[in-house]
1. Filter region 48-75 for residues that are under 14 Å from residue 88 (Cα atoms) and in contact (Cβ under 8 Å) with a residue 12 or more places away in the chain and give the result.
2. Are any residues in region 74-97 surrounded by 17 or more Cβ atoms within 10 Å (Cβ to Cβ) and outside any strand (DSSP E or B), and if so, which ones?
3. Would you pick out the residues in region 43-65 that are touching a strand residue (DSSP E or B) at 6+ places or on another chain (Cβ under 8 Å), surrounded by 15 or more Cβ atoms within 10 Å (Cβ to Cβ) and in a helix (DSSP H, G or I)?
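The values are calculated or read from the model by the stated rules, or taken from the named source; none is laboratory data. Quantities reported herein were computed from a predicted structural model and do not represent experimental measurements. Quick reminder, even Gly has a Cβ in these numbers, built from the backbone with ideal geometry, and neighbours come from all protein chains shown.
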């Protein structure tokens, strides 16, 4: 089907009618990867991937320092997600927070996510 997007991590196939999960044990989506939206307030993590289709929004994230290997801290998650990236605080809506994939492991810093 040409209108199908496949998650680069878990093989989740998104179709216009909804989604369907591919087989378990995808080697490129370790179980410790999660989105910024899944972090608890005060939790620290390292960015491993930005999975966003809109180039303008992607450029905004990159311009404020949200890059793979960057350490972030989630300061709050309501009413918007507020991240600390270095000395900068950044507010994200839910859609953007769900597009930023992180790992709680500091091995993601070196580009070797667990």
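1. 61, 62, 64, 65, 66, 67, 70, 71, 72, 73, 74, 75
2. Once the filter is applied, which keeps residues that are surrounded by 17 or more Cβ atoms within 10 Å (Cβ to Cβ) and outside any strand (DSSP E or B), region 74-97 yields 77, 96, 97.
3. Once the filter is applied, which keeps residues that are touching a strand residue (DSSP E or B) at 6+ places or on another chain (Cβ under 8 Å), surrounded by 15 or more Cβ atoms within 10 Å (Cβ to Cβ) and in a helix (DSSP H, G or I), region 43-65 yields 58, 61.
Each row is one residue, and each column tells you yes or no for (1) under 17 Å from residue 103 (Cα atoms); (2) at pLDDT below 85.
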| residue | (1), (2) |
| --- | --- |
| 20 | no, yes |
| 35 | yes, no |
| 59 | no, no |
| 68 | yes, no |
